[in-house]
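Asker: Sharing a structure below in structure tokens format, with a few things to ask.
The values are calculated or read from the model by the stated rules, or taken from the named source; none is laboratory data. On a predicted model such as this, the values are computed, not experimentally measured, just so you know. FYI the Cβ positions are ideal-geometry reconstructions off the backbone, even for glycines, and counts take in every protein chain you see. Surface accessibility is based on the protein's heavy atoms, side chains included, excluding ligands, DNA and RNA. Shrake-Rupley method; radii C 1.70, N 1.55, O 1.52, S 1.80 Å.
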Amino acid sequence: MFPAKCDYYRATSAAEAIDLLGRHDNARLLAGGHSLIPMMKLRLCEPAALIDIGRLEELRGVSENDIGDNALRIGALSTHTEIATSETLRTRCSLLAEAARQIGDPQVRNKGTIGGNIAHADPASDLPAVLVALGATIHILGPNGERSIAAPSFFTDLLTTALEPNEIVTTIEVPVAPPGSGSAYLKVEHPASGYAVCGAAATMTIEGSSCTAASLAFNGVAATPVHAEAVTAALAGTAADDSAFRAAVDAHLEIAEPLGDLHASGEYRVALAKVYGRRALEKARDRALS
Amino acid sequence: MSVKIEVEVNGTRHEREVDPRLLLVHFLREELSLTGTNVGCETSLCGACTVKMDGLTVKSCTQLAVQADGASITTIEGLSPEGELHPLQQAFWDEHGLQCGYCTPGMILAAEGLLAVNPSPGESEIRESLKGNLCRCTGYHNIVKAIQSAAKGGA
């Protein structure tokens, strides 16, 4: 399999990348290449020009210290390996590190980037629901300057985001896990590809034996991450026990248009989401209490 | 359009003009005649094309040669001096960690990548690290044994 012919330009800054995107028709950004190159080889995508941003140090790295209000900044070019092994993330935003560790395989994690992953917006990918559950903010740079989008508004449809054609993701901002909280990412993965048939991301804060705050989101079950806000709203202030989780998930998890394909029907994915959502909440609670 | 790249492969510097769409695995095999790196599934799944790039294992079917400009690459040919076997190669031989051998270069590079960061991995860590490398002959039992044996020997 060979990609179609294309031109190649290497950007030396994020601003130059945006300029190059504006000057070339049908141009695509190349970061790690682990979503784009497979698409190019299958001829699902035939860009006329590649704008290589893979070497931009300004877009790399995880901040070691908080910025502003208890948040960490992750450069868009940070690889899944860097995120999975970052001591800062493992201790202060472990949900993201836990999910990154479950992506693909070691070789894929060594090259795939968080920015590329979310810009591609594959519904079966692992990071989108995690960023939604965390309440992450996506920082974007474009011809008109910077703007920021909350993660749930970033993913707009299957393989589609709120990014305008000449914009790039620069950083992802994630909140530091509060004291007394726990989180978990659990997935049923497709045995060959490793993609999520259903992935459940949960966070929970416990005071005494009550759940004071929680979030829950799913990958793989719909065109965009499913943010189960009704489930976690029902849990707030209640006893954090298994029966409460089961009742809340059964009563309030709604997936309007479940995604079905030859691997798993929509109905089956909804059934998986109910089970894995509950288990992710249980595990988040157990970790909050430990 | 062609792009000039300079890549160090197994300690030797190479300068070439390449088509931007040229995949790294084809650059290694066809431009440099290093055919030890195999082309398997071509879809980033099987790991037969695994090489080390700046110290990290990558699937060379899912990299463009232009992305390797300035990089240092190790392929199976460069793992040990000419005529000698790397301890992992010796262990795969001793433990019969292969049958047809097609996946072996990728398996050995993936194992080398694991041992570089974790010199004495447990069995589950070895199996986890081989998630991106498929063997379709005979399973993974002897491959895991070979990596355990190489790790014991200090590979």
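Asker: Check whether at least one residue in region B:6-28 is part of a loop (DSSP other than H, G, I, E, B), more than 12 Å from chain A (Cβ to nearest Cβ), without any contact (Cβ under 8 Å) to a residue 12 or more places away in the chain and open to solvent by 20 Å² or more (accessible area, probe 1.4 Å), and report yes or no.
Answerer: No, region B:6-28 contains no residue that is part of a loop (DSSP other than H, G, I, E, B), more than 12 Å from chain A (Cβ to nearest Cβ), without any contact (Cβ under 8 Å) to a residue 12 or more places away in the chain and open to solvent by 20 Å² or more (accessible area, probe 1.4 Å).
Asker: I want to confirm something. Restricting to region A:203-244 and keeping residues that are among the small types (Gly, Ala, Ser) and closer than 26 Å to A:ASP261 by Cα, which single residue is most open to solvent (accessible area, probe 1.4 Å)? Walk me through it before giving the result.
Answerer: Here is the first cut: in region A:203-244, the ones among the small types (Gly, Ala, Ser) are A:208-210, A:213-215, A:217, A:220, A:222-223, A:228, A:230, A:233-234, A:236-237, A:239-240, A:243-244.
From what's left, closer than 26 Å to A:ASP261 by Cα: A:217, A:220, A:222-223, A:228.
Details: A:ALA217: 0, A:GLY220: 3, A:ALA222: 13, A:ALA223: 29, A:ALA228: 8 Å².
In this case the residue turns out to be A:ALA223.
Asker: Also, quick follow-up: Only residues in region B:43-65 that are under 19 Å from A:PRO3 (Cα atoms) count as the first member; pair them with residues that are surrounded by 24 or more Cβ atoms within 10 Å (Cβ to Cβ) and among the aromatic types (Phe, Trp, Tyr), Cβ under 7 angstrom, at least 6 apart or cross-chain, and list the lot.
Answerer: B:ALA65/B:PHE27
Asker: Pick from region A:1-38 the residues that are facing chain B (nearest Cβ under 7 Å) and not in a loop (DSSP other than H, G, I, E, B): which of them is surrounded by the most Cβ atoms within 10 Å (Cβ to Cβ)?
Answerer: Only one residue tops the list, namely A:ILE37.
Asker: Moving on to the next point. Suppose we filter region B:105-142 for residues that are closer than 21 Å to B:GLY78 by Cβ and assigned to a helix (DSSP H, G or I); how many remain?
Answerer: Qualifying residue count, region B:105-142: 14.
Each row is one residue, and each column tells you yes or no for (1) outside any loop (DSSP other than H, G, I, E, B); (2) of a type in the set (Lys, Arg).
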residue	(1), (2)
A:ALA84	yes, no
A:THR88	yes, no
A:ALA99	yes, no
A:ILE103	no, no
A:ARG109	yes, yes
A:GLY115	yes, no
A:ILE118	yes, no
A:ASP122	no, no
A:VAL132	yes, no
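Asker: Being within 14 Å of chain B (Cβ to nearest Cβ) and open to solvent by 20 Å² or more (accessible area, probe 1.4 Å) is the filter here; which residues of region A:118-153 pass it?
Answerer: A:HIS120, A:ASP122
Asker: Could you look through region B:51-62, keep only residues that are out of contact with any strand residue (DSSP E or B) (no Cβ under 7 Å at 6 or more places or on another chain) and within 9 Å of another protein chain (Cβ to nearest Cβ), and pick out the one that is farthest from B:LEU23 (Cα to Cα)?
Answerer: Within region B:51-62, the match that is farthest from B:LEU23 (Cα to Cα) is B:LEU56.
Asker: Could you tell me which residue of region B:115-149 is farthest from the other protein chains (Cβ to nearest Cβ), considering only residues that are hydrophobic (A, V, I, L, M, F, W, C) and open to solvent by 20 Å² or more (accessible area, probe 1.4 Å)?
Answerer: Restricting attention to region B:115-149, the residues satisfying the condition of being hydrophobic (A, V, I, L, M, F, W, C) are B:115-117, B:126, B:130, B:134-135, B:137, B:143-144, B:146-147.
Right, trim to open to solvent by 20 Å² or more (accessible area, probe 1.4 Å) and you get B:116-117, B:134, B:137.
Details: B:ALA116: 11, B:VAL117: 9, B:LEU134: 9, B:CYS137: 18 Å.
Filtering region B:115-149 for residues that are hydrophobic (A, V, I, L, M, F, W, C) and open to solvent by 20 Å² or more (accessible area, probe 1.4 Å), the one farthest from the other protein chains (Cβ to nearest Cβ) comes out as B:CYS137.
Asker: Report, by residue number, each residue of region A:188-202 that is outside any loop (DSSP other than H, G, I, E, B), of a type outside the set (A, V, I, L, M, F, W, C) and either open to solvent by 30 Å² or more (accessible area, probe 1.4 Å) or out of contact with any helix residue (DSSP H, G or I) (no Cβ under 7 Å at 6 or more places or on another chain) (or both).
Answerer: We begin by selecting, within region A:188-202, every residue outside any loop (DSSP other than H, G, I, E, B); these are A:188-189, A:196-202.
If we keep only those that are of a type outside the set (A, V, I, L, M, F, W, C) as well, we get A:189, A:199.
Residue satisfying the conditions is A:GLU189 alone.
Asker: Output the number of the condition that B:GLY101 fails; it satisfies all remaining conditions of (1) out of contact with any Asp or Glu (no Cβ under 9 Å at 6 or more places or on another chain); (2) buried (at least 22 other Cβ atoms within 10 Å of the Cβ); (3) assigned to a loop (DSSP other than H, G, I, E, B).
Answerer: So B:GLY101 meets the others, but not (2).
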